[in-house]
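Structure, as structure tokens:
The values are calculated or read from the model by the stated rules, or taken from the named source; none is laboratory data. Keep in mind that what you see is a predicted model, and the values were worked out from it rather than measured. Cβ coordinates were reconstructed from backbone atoms using ideal geometry, including for glycine residues, and neighbour counts include every protein chain displayed.
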Amino acid sequence: MIFAAFGTSIPFPRLMRKLKDLAPLLNEELVVQAGNTPGEIPGATVFRFSPELKSYYRKAEIVIVHAGLGIQLELIEMKKPFIAIPRLAEYHEHHDNHQLETCEMLSRKYGVKYLVDLNELTPELLKTYRYTPEYSDRSLRSFRERIVPVLFSK
């Protein structure tokens, strides 16, 4: 299964159009959390909102996501292959290009794959891309062990 998560705020019609074009070429189930993005994809399961997405992430072979920092970090932690698609100001998908900057940072740090040109999102890529960034909670553990006791000491 391929799962795509658009987020819940600003519509993402560019990604909806691309997935609509790709769906007939995929020999795999496509499930899309479209949020506020209007439209349907013939042959795919499209829903707007869900109280949780982790069950979809777990079932998916690969996840296509809007480039919010939270969702990308969640997928890195889960060691789930994903491709991030940043919302871009030039397409009126966001007020600025901070998602592109987030992708650039996560790409340098973790090797996260992101696509600006949606022509690069192909059936072949979705069938073969399985990179999972290396994740360690070492920094978080260090914070808990060293900082939290100081903050909550009497």
Would it be correct to say that GLY35 is among the small types (Gly, Ala, Ser), under 28 Å from GLU101 (Cα atoms) and assigned to a helix (DSSP H, G or I)?
no
Within region 39-67, work out how many residues are touching a helix residue (DSSP H, G or I) at 6+ places or on another chain (Cβ under 7 Å), in a loop (DSSP other than H, G, I, E, B) and under 21 Å from TYR129 (Cβ atoms).
3
Subset of region 111-123 [at pLDDT below 95 and surrounded by fewer than 16 Cβ atoms within 10 Å (Cβ to Cβ)]:
GLY111
Of all residues in region 68-98, which are under 13 Å from the mean Cα position of the chain (by Cα) and assigned to a loop (DSSP other than H, G, I, E, B)?
GLY68, LYS79, LYS80, PRO81, PRO86, ARG87
Some residue of region 5-14 being β-branched (Val, Ile, Thr), at pLDDT 95 or above and not in a helix (DSSP H, G or I):
no
Six or more apart or on different chains, Cβ atoms under 7 Å: show the pairs whose first residue is in region 126-137 and closer than 19 Å to GLU28 by Cβ and whose second is of a type in the set (Lys, Arg) and assigned to a loop (DSSP other than H, G, I, E, B).
THR132/LYS79; THR132/LYS80
When the residues of region 69-79 are narrowed to those that are out of contact with any Gly (no Cβ under 8 Å at 6 or more places or on another chain) and of a type in the set (A, V, I, L, M), which ends up surrounded by the most Cβ atoms within 10 Å (Cβ to Cβ)?
LEU75
Just for region 80-94: of the residues that are modelled with pLDDT under 85 and out of contact with any Lys or Arg (no Cβ under 9 Å at 6 or more places or on another chain), which one is surrounded by the most Cβ atoms within 10 Å (Cβ to Cβ)?
ALA89
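To keep it simple, each residue is scored yes or no on (1) crowded, with 18+ Cβ neighbours inside 10 Å; (2) not charged (D, E, K, R).
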{"position": "GLU28", "(1), (2)": "no, no"}
{"position": "SER50", "(1), (2)": "no, yes"}
{"position": "LYS54", "(1), (2)": "no, no"}
{"position": "ILE62", "(1), (2)": "yes, yes"}
{"position": "ALA67", "(1), (2)": "yes, yes"}
